[in-house]
Amino acid sequence: MRLALAQLEIEAAAVDANTERAVSAIETAAGEGADLVALPEIFNVGYFAFDAYGREAEALDGPTLTRIRDAARENDVAVLAGSVVEDLSATDGGPADDGLANTSVLFDSSGDRLLAYRKHHLFGYESAEARMLVPGEDVPTADLDGVTVGVTTCYDLRFPELYRDLADDGTDVVLVPSAWPYPRVEHWKTLPRARAIENLAYVATINGSGSFDDASLLGRSTVYDPWGTPIATTDDDPDIVTAEVSRDHVAETRAEFPALRDRRR
């Protein structure tokens, strides 16, 4: 499966412009042979545009996600719309009857929704996220052309037990839409690499590009293979990062180095 990470320029609260950049990236990646395109965290509003969260929150069939769903179908490519601010009052079966969530949605190439993942670990360090959002409860996976795909989001990278749960569910590729800022470059490189090594799975981090009033995103979207080797990456400018990911390679790696089998609880 050819995976494309769309490292987008993201402007604070510029929903229409940000969404159009996402659609353009989907079209470009699909034209270059991508099977799956992944977008960054809060790509439409901008993670650090907290004042706009309530105003721009939407249902799972809201305007941004509908636009991305249509782009997936029109370009015959699967898309991770990772993520938007979800209005939970418009959702049945969510983690709460109201409030907001940081929600990623995976669409297949027909535009059908395969999963919705709500960020579990909410960032509290000098951030409004923890007081504004409701954490997710479920960790779904989806089969995409024979590859089992899971999703986590940004700060989730610091909590390895979440990735172990995904490994136990047979996940081959974990997509991690993020809004990771300077100066924590070494954390950004080390944590996903560790998660890949620990679980013998691909981990793909999809970051944004651009500056907000009090933060600048550091980019460096990267695909790590099941050995933890970075097989595709970029700098902090807008870009599309592509790599081939293979379920067979995950199985071969786990057979060659069966660390998961040797685990004790």
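Some observations on this one:
- Residue within the stretch 33-47 that is surrounded by fewer than 19 Cβ atoms within 10 Å (Cβ to Cβ) and part of a loop (DSSP other than H, G, I, E, B) present: yes
- Residue count for the stretch 1-28 satisfying the condition of being over 16 Å from Ser209 (Cβ atoms), open to solvent by less than 20 Å² (accessible area, probe 1.4 Å) and not β-branched (Val, Ile, Thr): 1.
- Scanning the stretch 153-185 for residues that are open to solvent by less than 10 Å² (accessible area, probe 1.4 Å) and among the β-branched types (Val, Ile, Thr) gives Thr153, Thr171, Val173, Val174, Val176.
- Here Asp61 passes the criteria (1) assigned to a helix (DSSP H, G or I); (2) farther than 16 Å from Ser109 by Cβ; (3) open to solvent by 50 Å² or more (accessible area, probe 1.4 Å); (4) not β-branched (Val, Ile, Thr) except the one numbered (1).
- Applying the condition of being touching a Ser or Thr at 6+ places or on another chain (Cβ under 6 Å), open to solvent by less than 10 Å² (accessible area, probe 1.4 Å) and part of a strand (DSSP E or B) to the stretch 81-121 and asking which residue is farthest from Trp180 (Cα to Cα) yields Glu86.
- Boolean, Ala116 is within 16 Å of Val85 (Cα to Cα) and in contact with a helix residue (DSSP H, G or I) (Cβ under 6 Å, 6 or more places away or on another chain): no
- Inter-residue pairs, beta-carbon under 9 Å, first within 21 Å of Glu129 (Cβ to Cβ) and basic (Lys, Arg) and in the stretch 171-198, second open to solvent by less than 30 Å² (accessible area, probe 1.4 Å) and assigned to a loop (DSSP other than H, G, I, E, B), 6+ apart: Arg195/Thr152; Arg195/Ala201; Arg195/Gly228
- Yes/no for Tyr202 being closer than 26 Å to Ala25 by Cβ, open to solvent by less than 60 Å² (accessible area, probe 1.4 Å) and touching a residue at least 12 places away in the same chain (Cβ under 8 Å): yes
- Top-ranked residue of the stretch 122-134 - restricted to ones that are exposed (fewer than 15 other Cβ atoms within 10 Å of the Cβ) and part of a loop (DSSP other than H, G, I, E, B), ranked as modelled with the lowest pLDDT: Glu126
- Of Gly93, Gly136, all but one fail to be free of Cβ contacts under 8 Å to residues at least 60 places away in the same chain, on the phi > 0 side of the Ramachandran plot and not hydroxyl-bearing (Ser, Thr, Tyr); the exception is Gly93.
- Scan of the stretch 211-257 for residues that are at pLDDT below 95 and open to solvent by 20 Å² or more (accessible area, probe 1.4 Å), ordered by number: Ser211, Phe212, Asp213, Asp214
The values are calculated or read from the model by the stated rules, or taken from the named source; none is laboratory data. Small disclaimer: the values here were computed from a predicted structure and weren't measured. We place every Cβ from the backbone using ideal geometry, glycine too, and count neighbours over all the protein chains shown. Just the protein is used for accessible areas: all its heavy atoms, side chains included, with ligands, DNA and RNA removed. Shrake-Rupley method; radii C 1.70, N 1.55, O 1.52, S 1.80 Å.
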